[in-house]
Amino acid sequence: MHSPLFDRIRDLILRNEKVQWDRDQIGPDTDLINDLALDSIAIVNLLADLEEEFGITIEIGELGLSLFRELRLLVNYIGSKAAAGLGERAGRS
């Protein structure tokens, strides 16, 4: 069973017309570049979708190729960014 965060990110990935996999074929170990064949344009579009979906800002300096080698790593990164954003917003209240 996957987390709701994992499911949301997987659904964003599946919006890409290049991804020819079924939802249940994409798991935590899926390599977005080698398995799903996402190119640089698709990765940039995914990052923009993630920023919009989760209300976060993804810093280019924080990204590495390894984040896209296992979906679980990207999910963990997005989860930490989203949690940090919630903490920052709560501190401003």
Q: Let me have the 222 nm mean residue ellipticity of the chain computed from DSSP H runs of 4+ only, each contributing -39500 (n - 2.57), with the sum over all residues rounded to the nearest 500.
A: -17000 deg cm²/dmol
Q: Could you state the angle between the C-alpha long axis of helix 4-14 and the longest principal axis of the C-alpha atoms of the chain, as a value from 0 to 90 degrees rounded to the nearest 10?
A: 50 degrees
Q. Residue separation times 0.36 nm, minus the C-alpha to C-alpha distance between Thr57 and Asp11: what's the value?
A. 14.6 nm
Q.
How far apart, in nanometres, would the label points at Asn45 and Gln25 be if each is projected 7 angstrom from Cα along the Cα-to-Cβ direction?
A. 1.8 nm
Q: Please give the helix 71-92 orientation as an angle from the longest Cα principal axis of the chain, in degrees from 0 to 90, rounded to the nearest 10.
A: 20 degrees
Q. Based on Cα positions only, what radius of gyration and what Dmax would you give for segment 4-92, in angstroms?
A. 13.0, 43
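Taken together, the values in this text are just the output of simple stated rules run on the coordinates, not laboratory data. Because the structure is predicted, anything quoted here is derived from the model rather than measured. Neighbour counts run over all protein chains shown; Cβ positions are idealised from the backbone, glycine included.
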